[in-house]
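Take this structure first; my questions come after.
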Amino acid sequence: MDILKTMVTTTASVVTWELLKKRDERIKEASEYRNIRIKRDLMDEFSASCDRAGVDVSYQLKKLITNFNKEVQDQER
């Protein structure tokens, strides 16, 4: 019975480690695309506005970038 417990525990540990490794890779890929410089005052104001509006800062930035990309593509046509 101890060998079965050891096998299950080891398997669970390996699976957990693999899942955590994949999650960390996705987070790194998403978060380290580019370093941009934004004045702290502007970012603090944007963050406060997002809080007041009840939206996530990263969601709102993605939305702004997506809308801007669409706008530029529409202008090029």
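FYI, it's all coordinate maths here, none of it is from the lab. A quick note: this is a predicted structure, and the numbers were derived from the prediction, not measured. So basically every Cβ, Gly included, is an ideal-geometry build from the backbone, and we count neighbours across all protein chains shown.
Write down the radius of gyration of region 37-77 and its Dmax, each obtained from C-alpha positions, in Å.
12.7, 37
Could you derive backbone 3J(HN,Hα) for region 43-48 from the dihedral phi with the Karplus parameters 6.51, -1.76 and 1.60 (θ = phi - 60°), listing whole Hz in sequence and x where the residue is Gly or Pro?
With coefficients 6.51, -1.76 and 1.60, one gets 5, 4, 5, 4, 4, 5 Hz.
Then there's this: Modelling each spin label as a point 7 Å along the Cα-to-Cβ direction, I'd like the Trp17/Asp56 distance in nm, to one decimal.
Between Trp17 and Asp56, the simple spin-label model gives 2.9 nm.
Further question: How charged is the neighbourhood of Arg77? Take every other residue with its Cβ under 12 Å from the Cβ of Arg77, and add Lys/Arg as +1 and Asp/Glu as -1.
Details: positive: Lys70; negative: Glu71, Asp74, Glu76.
Once positives and negatives cancel, what remains is -2.
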